[in-house]
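Below is one structure, written out as structure tokens; the observations come after it.
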Amino acid sequence: MNKYFAEALGTFWLVFGGCGSAVLAAAFPAVGIGLLGVSLAFGLTVLTMAYAIGHISGCHLNPAVSIGLWIGGRFNSKDLLPYIIAQVIGGILAGGVLYVIASGQAGFDVSAGFASNGFAEHSPGGYSMVAALVAEVVLTAFFLLVIMGATDDRAPAAMAPVAIGLCLTLIHLISIPVTNTSVNPARSTAVAVYVGDWAVSQLWLFWVAPIVGAIIGASIYKLIAKPE
């Protein structure tokens, strides 16, 4: 059970750190961290947890990553569903803690978004459903490509968390204006359940697109990583 508990804790940290930075600090008067700060926060959650629990659970923190690693032959199928359940539970718990903190400020309105992912009128930049779908698929595919490459036996092992964390930072720098950046169904679910309404009705895209992207990315890496 240690690895499942580690995944729940790690996903808690990712949601609390990443979404927490967006909800609590992104637009704080005069010293808000902005898009760059939120992007860095998400990357740092993965980097720090990779060193903390990578040797226990592999530090997936993301159902799409677990599915991609399974497709890539790096993950046992018997652990797939328990990992996904642990990740979603950890994320929802983090969303709950964040909600308690954020609601302590006068004027807090969860319906304003609460760092939820969305498209069309709920996209930060007003991007369409197709644009959101394509962005999430492509970015998750490259995320899996980087994860599998960085954790390959032939790659420098100690630097894998740095490469993966920076990759997630880059992904957020690209796509926060499009979807608020998911590439992680657990992260999307973690805040959508507290917003309800539109966030839940659009949640399907942030499960389907990252999983499809993860399968594509893992399959591409398997192809290019084969010996000549």
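Assorted remarks:
- The number of residues in segment 150-206 that are within 17 Å of Ile84 (Cβ to Cβ) and more than 13 Å from the chain's Cα centre (by Cα) comes to 4.
- Some residue of segment 130-152 being farther than 17 Å from His60 by Cβ and not in a helix (DSSP H, G or I): no
- Segment 111-121, subset buried (at least 20 other Cβ atoms within 10 Å of the Cβ) and over 16 Å from Leu24 (Cα atoms), residue nearest to the chain's Cα centre (by Cα): Asn117
- Failed item in (1) of a type in the set (A, V, I, L, M, F, W, C); (2) closer than 22 Å to Ile92 by Cα; (3) open to solvent by less than 70 Å² (accessible area, probe 1.4 Å), with Trp204 passing the rest: (3)
- In segment 147-159, the residues that are open to solvent by 10 Å² or more (accessible area, probe 1.4 Å), among the hydrophobic types (A, V, I, L, M, F, W, C) and within 14 Å of Val65 (Cβ to Cβ): Ile147, Ala150
- Considering Val191, Val183, the condition of being among the β-branched types (Val, Ile, Thr), in contact with a Phe, Trp or Tyr (Cβ under 6 Å, 6 or more places away or on another chain) and in a loop (DSSP other than H, G, I, E, B) is satisfied by Val183 alone.
- Contact annotation: residue pairs with Cβ atoms under 6 Å, 6 or more positions apart or on different chains, pairing a residue in segment 196-210 that is assigned to a helix (DSSP H, G or I) with a partner that is acidic (Asp, Glu), are Ala209/Glu136; Pro210/Glu136.
- Residue among Phe75, Phe42, Phe28, Phe16 that alone is surrounded by 15 or more Cβ atoms within 10 Å (Cβ to Cβ), free of Cβ contacts under 8 Å to residues at least 24 places away in the same chain and of a type in the set (Phe, Trp, Tyr): Phe75
- Hits in segment 51-67 - residues which are touching a residue at least 24 places away in the same chain (Cβ under 8 Å) and either surrounded by fewer than 23 Cβ atoms within 10 Å (Cβ to Cβ) or over 14 Å from the mean Cα position of the chain (by Cα) (or both): Tyr51, Ala52, Ile53, Gly54, Ile56, Ser57, Gly58
- Residue selected from segment 174-198 under the condition under 16 Å from Ala131 (Cα atoms) and of a type in the set (A, V, I, L, M, F, W, C), by the criterion most open to solvent (accessible area, probe 1.4 Å): Ile174
The values are calculated or read from the model by the stated rules, or taken from the named source; none is laboratory data. Values in this document were obtained by computation on a predicted structure and should not be read as measured data. With ideal geometry, Cβ positions are generated from the backbone for all residues, glycine too; neighbour counts draw on all protein chains shown. For accessibility, only protein heavy atoms count, side chains too; no ligands or nucleic acids. Shrake-Rupley method; radii C 1.70, N 1.55, O 1.52, S 1.80 Å.
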